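Some notes on the structure that comes next.
The values are calculated or read from the model by the stated rules, or taken from the named source; none is laboratory data. Remember, it's a predicted structure, so these values are computed and weren't measured experimentally. When we count neighbours, we look across all protein chains shown, and the Cβ atoms used for this are built from the backbone with ideal geometry, even at glycine. When the accessible area is computed, the model is the full protein with side chains, heavy atoms only, and any ligands, DNA or RNA have been set aside. Shrake-Rupley method; radii C 1.70, N 1.55, O 1.52, S 1.80 Å.
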Amino acid sequence: FYSGRLSFAANFDNYHEIGFWDDLDLMGINAYFLLRYDQPPNTTQARRFASLRQGWQDVFDQIDAFKAEQDLQQLPILFTELGYTYRRNSTLAPWEQGGYSILLDYSPPKLMLWSEEPLDFIERALAVRALHTTHRQNPQTNLRGILYWKLTTQHDQLPVEPFSLYIGPNTQDPLLLQLRLF
């Protein structure tokens with residue numbers, strides 16, 4: 001018989017619809033939350049980070065409110081999937097990797113053509129740093145870990161898989177440093 005911990009991976013937009021969290025050891029969430037709204041392209045890194053930090057705080061506030069409502073305050077959280085592409089604005093729609101998105105939270109709605117967004121390895125590193133900072137400053141979030149999508153040791157994955165984080169000799173991606181903080 002299995003005697004280890006048990007979790008379930010619910011998507012970021014429906015974790016609140018799961019009716020059996022109290023039967024599990026960990027609340028698993030695929031954490032592709034929208035973290036910020038559009039910013040001018042020349043926004044400083046500090047302002048981008050502050051915006052992402054506030055986005056994570058809002059996410060944890062929503063999760064905490066749900067857990068309080070369901071009497072699940074003691075249930076630890078595991079982000080069963082977390083990932084960002086290496087394109088600018090990846091934190092506007094982290095679940096996307098190609099094609100286009102229509103972002104309905106804007107007035108008027110915004111069309112994002114992902115292949116036309118410039119490469120930006122910093123944005124995803126800032127998003128993970130903001131998550132780490134938010135968790136560190138609010139340990140009551142009870143975040144026990146993250147599973148990052150998609151780590152690879154195959155450098156040739158980068159052109160075909162925009163979520164990839166290459167781990168190998170001479171890795172220069174700033175995301176790797178941020179993940180090591182966890």
>> What's the number of the only condition in (1) open to solvent by 80 Å² or more (accessible area, probe 1.4 Å); (2) among the small types (Gly, Ala, Ser); (3) in a strand (DSSP E or B) that Ser101 fails to meet?
In response: (1)
>> So, in region 1-47, exactly how many residues are closer than 16 Å to Gln70 by Cα and in a loop (DSSP other than H, G, I, E, B)?
In response: 6
> Which ones in region 131-155 are surrounded by 14 or more Cβ atoms within 10 Å (Cβ to Cβ) and touching a Leu at 6+ places or on another chain (Cβ under 6 Å)?
Replying inline: His132, His135, Arg144, Ile146, Tyr148, Leu151
>> Looking only at residues that are aromatic (Phe, Trp, Tyr) and assigned to a loop (DSSP other than H, G, I, E, B) in region 48-87, which one is most open to solvent (accessible area, probe 1.4 Å)?
In response: Tyr86
> In region 20-47, which residues are modelled with pLDDT of 95 or more, out of contact with any strand residue (DSSP E or B) (no Cβ under 9 Å at 6 or more places or on another chain) and either of a type in the set (Gly, Ala, Ser) or open to solvent by less than 60 Å² (accessible area, probe 1.4 Å) (or both)?
Replying inline: Phe33
> Glu123 is checked against (1) under 15 Å from the mean Cα position of the chain (by Cα); (2) open to solvent by 60 Å² or more (accessible area, probe 1.4 Å) and fails just one. What number does that condition carry?
Replying inline: (2)
> Which ones in region 156-182 are open to solvent by 40 Å² or more (accessible area, probe 1.4 Å) and within 21 Å of Leu26 (Cβ to Cβ)?
Replying inline: Leu181, Phe182
> So Glu123 fits all but one of (1) outside any strand (DSSP E or B); (2) free of Cβ contacts under 8 Å to residues at least 24 places away in the same chain; what number is the exception?
Replying inline: (2)
>> For the condition basic (Lys, Arg) and more than 15 Å from Leu35 (Cα to Cα), what is the one hit in Arg124, Arg129, Arg136?
In response: Arg136
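What do you reckon, is Arg53 touching a residue at least 60 places away in the same chain (Cβ under 8 Å) and among the basic types (Lys, Arg)? Write out each step before concluding.
On the way: touching a residue at least 60 places away in the same chain (Cβ under 8 Å): yes; among the basic types (Lys, Arg): yes.
Answer is yes for this residue.
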